[in-house]
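Trainee: Below are the structure tokens for one structure; questions will follow.
The values are calculated or read from the model by the stated rules, or taken from the named source; none is laboratory data. Keep in mind the model is a prediction, meaning the values are calculated, not measured. Note that we place each Cβ from the backbone using ideal geometry, even for glycine, and neighbour counts take in every protein chain shown. For accessibility, only protein heavy atoms count, side chains too; no ligands or nucleic acids. Shrake-Rupley method; radii C 1.70, N 1.55, O 1.52, S 1.80 Å.
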Amino acid sequence: MYTDTTRTRRAKSYHDNFISSDLDETQRYIGQALKPHALTLLDRRQSLNVKVGRTDFGRMSFMYIDHGADVHVYPGKLETIFLFQVPIHTTAINKQEVRVGNSVVQVSPGIAYVVSPTLDLELRMSKYSDNAVLSIERTRLEGFLEQTLQRRLDKPLEFTPRVDLTQCGSQELVSLMSHMTRQLNLPSSSLRHVMIQSQAESLLMSTMLINLEHNYRAELISEAATPKPHYIRKAQAYILENAQDALTPEDIARAACVSLRSLYAGFQTYLHCSPMTFVKNIKLDKINDELMLGEAATTSVSEVVSKYGISSLGNFSANYRRRFGELPRETLRRKRI
């Protein structure tokens with residue numbers, strides 16, 4: 001039987017937990033964790049019995065949220081985060097109606113929802129509704145998609161809100177999310193080791209981007225399915241191996257054994273960017289990897305950057321922030337447990 005004690009125990013299994021019956025206090029806590037919002041009791045005879053569990057992992061968070069009362073929640077546009085919410089306790093009396101943009105999702109057994117930061121969000125939930133929540137920073141997920149597509153996004157990433165949990169792809173995502181939540185809530189987890197964390201984040205984001213419907217999915221699937229010509233793969237390998245050098249388009253064309261014109265045409269066709277934009281992004285990615293592994297006390301941002309032949313720290317910092325959503329020094333200082 002799924003009791004209030006069970007819900008409390010679930011919330012307390014997370015690294016950080018919050019239990020309250022105070023509306024203002026609840027708004028502040030969840031607002032700081034996700035997005036400031038309006039919270040209203042739909043039945044004044046009820047009182048809140050809020051239970052929240054939260055475990056942060058890099059630039060994403062795994063949460064459990066149960067309001068314990070019939071509520072209306074209106075955060076508007078989330079702006080800086082993507083949310084994937086999976087109902088845990090679903091019965092005929094556990095009603096959730098979610099509006100994401102112009103779409104209305106009637107949450108029921110087998111139906112979850114994903115919220116994009118550019119779309120207006122409004123929720124009505126019964127006292128029996130509780131959800132497992134995955135929150136990912138917008139700049140992290142969109143930056144990862146740009147890395148995968150090897151080009152800048154020309155419009156915001158937007159998911160189709162309704163998620164059918166009977167489909168194999170969405171089941172795979174929920175299983176991975178559940179596994180990572182369990183592992184991260186252990187007293188110690190190898191997922192938090194610097195050698196594993198970035199790969200674990202990438203696996204979760206890849207699973208989400210490949211299995212959920214969104215406005216870049218067709219291109220993403222096509223990129224994975226369409227093999228690139230040998231000279232493009234040769235050029236990519238050359239750039240990766242020589243990222244610390246001051247590469248020129250002529251160097252890359254020579255290594256790939258093609259003309260400069262063919263190189264530019266091939267990069268635009270298959271990678272949707274110029275050769276030098278690809279070089280810049282590879283340098284940024286490698287610098288980000290080094291800063292993620294570095295120690296703030298012993299690692300110098302300027303020294304890492306200079307290794308890759310970058311002289312203008314101002315332009316570099318602006319490009320880095322656009323790609324990763326934070327300054328290089330913030331990556332270095334961000335605590336990893």
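Trainee: Going down the table (234/286; 35/95; 77/127; 51/286), which pairs top 30 Å between alpha carbons?
Mentor: On the way: 234/286 19 Å; 35/95 23 Å; 77/127 24 Å; 51/286 41 Å.
Table pairs above 30 Å Cα-Cα are 51/286.
Trainee: Here's another thing I want to ask about it. Where in the stretch 26-64 does the amide nitrogen come within less than 15 Å of the point 7 Å from the Cα of residue 4, taken along Cα to Cβ?
Mentor: Backbone N within reach: 45-52.
Trainee: Which whole-Hz couplings ³J(HN,Hα) result when phi for each residue of the stretch 145-155 is put into the Karplus expression 6.51 cos²θ - 1.76 cosθ + 1.60, θ = phi - 60°, listed in order with x for Gly and Pro?
Mentor: Ordered by residue, 3J(HN,Hα) equals 5, 4, 4, 5, 7, 6, 7, 6, 6, 8, 7 Hz.
Trainee: For the stretch 7-58, what is the accessible area per residue in Å², given a 1.4 Å probe and the full set of protein chains?
Mentor: 54 Å²
Trainee: How long, wide and thick is the stretch 136-234, going by the Cα atoms along their three principal axes, in whole angstroms, largest first?
Mentor: 47, 35, 24
Trainee: At 25 °C and 0.890 mPa s, what whole-number value in µm²/s does Stokes-Einstein give for the translational diffusion of the stretch 148-293, with Rh from the Kirkwood sum over Cα pairs? Walk me through the intermediate numbers first.
Mentor: Working: Rh = 17.8 Å.
My calculation gives 138 µm²/s for D.
Trainee: Based on the Cβ-Cβ distance from residue 195 to residue 244, what FRET efficiency comes out when R0 is 22 Å, to the nearest 0.05?
Mentor: The value I calculate is 0.55.
Trainee: Additional query: Evaluate E = 1/(1 + (r/R0)^6) for residue 303 and residue 188, where r is the Cβ-Cβ distance and R0 equals 51 Å; express this FRET efficiency to the nearest 0.05.
Mentor: 0.95
Trainee: Now for a separate question. Calculate, for residue 277 and residue 46, the FRET efficiency according to 1/(1 + (r/R0)^6) with r their C-beta to C-beta distance and R0 51 Å; round to the nearest 0.05.
Mentor: After rounding to 0.05, the efficiency reads 0.40.
Trainee: When the helices in the chain are scored as -39500 (n - 2.57) per DSSP H run of 4 or longer and the sum is shared across all residues, what 222 nm value do you end up with, to the nearest 500 deg cm²/dmol?
Mentor: About -14000 deg cm²/dmol.
Trainee: Sort largest first and round to whole Å: the equivalent ellipsoid semi-axes of the chain, each the square root of five times a Cα gyration tensor eigenvalue.
Mentor: Its equivalent ellipsoid spans semi-axes of 42, 22, 17 Å.
Trainee: If you take the C-alpha gyration tensor of the stretch 243-337, multiply each eigenvalue by 5 and take the square root, what semi-axes do you get, largest first, in whole Å?
Mentor: Working through the eigenvalues yields semi-axes of 30, 13, 11 Å.
Trainee: Output the peptides 298-309, 320-331 sorted from most to least packed, where packing is the average of other Cβ atoms within 10 Å over each peptide's residues.
Mentor: Ranking the peptides 298-309, 320-331 by packing returns 320-331, 298-309.
Trainee: Something else now. When each pair of different Cα atoms in the stretch 70-177 is counted once in the 1/r mean, what is the Kirkwood radius in angstroms, to one decimal?
Mentor: Answer for the stretch 70-177: a Kirkwood hydrodynamic radius of 14.6 Å.
Trainee: Using 0.36 nm times the number of residues separating residue 289 and residue 28, minus their current alpha carbon distance, what extension gain do you get?
Mentor: Details: separation 261, 0.36 × 261 = 93.96 nm, distance 3.42 nm.
Contour length minus the Cα-Cα distance gives 90.5 nm.
Trainee: Tell me, Kirkwood radius of the stretch 18-111 from alpha-carbon pair distances, in Å?
Mentor: About 14.5 Å for the stretch 18-111.
Trainee: Please report how far the C-alpha centroid of the stretch 118-141 lies from that of the stretch 204-256, rounded to the nearest whole angstrom.
Mentor: Taking the Cα centre of each part, the stretch 118-141 and the stretch 204-256 sit 32 Å apart.
Trainee: What's the carbon and sulfur percent of the chain's accessible surface, probe 1.4 angstrom, rounded to a whole number?
Mentor: Working: 8310 of 16320 Å².
Looking at the chain in its full context, I get 51 percent from C and S.
Trainee: Along the Cα→Cβ direction, 7 angstrom out, place labels at residue 79 and residue 312. What is the inter-label distance in nm?
Mentor: The modelled label-to-label distance comes out at 3.0 nm.
Trainee: Report, to one decimal in Å, the Kirkwood hydrodynamic radius for the stretch 240-283 based on all distinct Cα pairs.
Mentor: Values: mean 1/r = 0.0953 Å⁻¹.
Evaluated over the stretch 240-283, this radius sits at 10.5 Å.
Trainee: Same structure, new question: Can you list which of the GluC sites (Glu not before Pro) found in the stretch 49-135 are DSSP loop residues with at most 10 other C-beta atoms within 10 Å?
Mentor: Here the sparse-neighbourhood loop sites are 79.
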